[in-house]
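Just below is one structure, and these are the notes that go with it.
The values are calculated or read from the model by the stated rules, or taken from the named source; none is laboratory data. Please read these numbers as outputs of a predicted model, since none were measured by experiment. Cβ coordinates were reconstructed from backbone atoms using ideal geometry, including for glycine residues, and neighbour counts include every protein chain displayed. Remember, those area values only see protein heavy atoms, side chains included, never the ligands or the DNA or RNA. Shrake-Rupley method; radii C 1.70, N 1.55, O 1.52, S 1.80 Å.
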Amino acid sequence: LPAPRASQSSPPASGDSPADAASPEVAFAPDPALAASIDAVTRACDLLLDLGSSRRSHAKPDGTPVTVADLACQALVTQALRQSLGDDVAVVGEEDDAVCVADRTTSRAVAEAVERHGGDGATAVEALARRVCVDDESLDALDMRRDAAESTRRRRGKSSVGSAPARPRYFVLDPIDGTKAFIRGVDDPASPQCAVGLARVDPASGAPDLGVLGLPFWRGPPTRESEGVGVVVAASKGGGCWYKPLFSGEPDFASGWRRARTSNVADVSAATVVTSEGERLENLPLGAALASETFGGASRAPREVRMGCGSLCKYAAVALDVAQVFVQHPPFDYALKGKRIMVWDHAAGIVCAVEAGAAVTDLLGGAVRLGDGEREVRAFEPGGGG
């Protein structure tokens, strides 16, 4: 899938880097939608750390785990967005209320966690039920918003004759990308990573126009060891990519942010490639190609950093310039098993990496389009399959 040009990975060595020594930039000025997204993701990360010792999980139909933290994070973020931006905000989320309906203990735990972190525990499960996940539900919700907006324009005499109203932008949310890493915990010596990923997608372009990544387990560059655990990364189209320690204690919301910029690497052998914990670069198509005589042989292979996490953390690695390359390789039998590449696993990472200066393309070098905005809003098929 995405093949960005610059990156960061899970904690290399902690300590101060040249970027750390630079004074924070103060030009970050998020619009209301981005500010609300940052607030929601930061609160969700706080909830994750709070629930760190409560990792009871259930198996979803696809075999992947879901925990109280996944469900509570999605409910909390959904409530926060609707409270800040309006109750008609459409959120395409990964989770639903099925586990809560089937297990009253889990339902109570979700409500209690949401309540502790400033949400409404009484309506937490309802927020999960209202999440827009199934495609038909998503499209119905987006159509209703479009029709409502068009009715408002007509009342104000601003409707344009003969033109179909555009579908409204919608949010996509992965409450925990890397649930298995979350279950392992922040103190695992292998330093697994997880992320809360929230993005807004413009159906006209099929691209995200803002994104926030909260990484509650992050240690090391570009933050200082003295700044503790966790980092939040935020970006908007044309506004650049910014980061700061997750819990900086800054009294002013907009202060303490630093600009995230990828580095230019003229030769791929000088790059760092971020891969999954169970992968080896040499066994991937990219590694085999780089080790060929065409690229100078194995002695010219780039450095590799492996991370136990989902895709969003690898995008963060690129945006924060700890690595310079991330290539998503779906297994060859991925589609045969009925699996799809889900929008919430990539949307927030794409906009953060691009605004930091990376290039994100499909295998054929084309733009990555996140669904067609008409029939599909949850999954996408990149050109060339990756």
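For this structure, a couple of remarks:
- Of the set (1) free of Cβ contacts under 8 Å to residues at least 40 places away in the same chain; (2) acidic (Asp, Glu); (3) touching a strand residue (DSSP E or B) at 6+ places or on another chain (Cβ under 8 Å), all apply to Asp97 but (3).
- Top-ranked residue of the stretch 175-206 - restricted to ones that are touching a strand residue (DSSP E or B) at 6+ places or on another chain (Cβ under 8 Å) and of a type in the set (Val, Ile, Thr), ranked as surrounded by the most Cβ atoms within 10 Å (Cβ to Cβ): Val196
- Qualifying residue in the stretch 284-297 (condition: at pLDDT 75 or above, assigned to a strand (DSSP E or B) and open to solvent by 50 Å² or more (accessible area, probe 1.4 Å)): no
- Leu364 modelled with pLDDT under 70 and surrounded by fewer than 15 Cβ atoms within 10 Å (Cβ to Cβ): no
- Residue, least open to solvent (accessible area, probe 1.4 Å), within the stretch 321-338, restricted to residues that are over 20 Å from Thr361 (Cβ atoms) and either at pLDDT 70 or above or among the basic types (Lys, Arg) (or both): Val322
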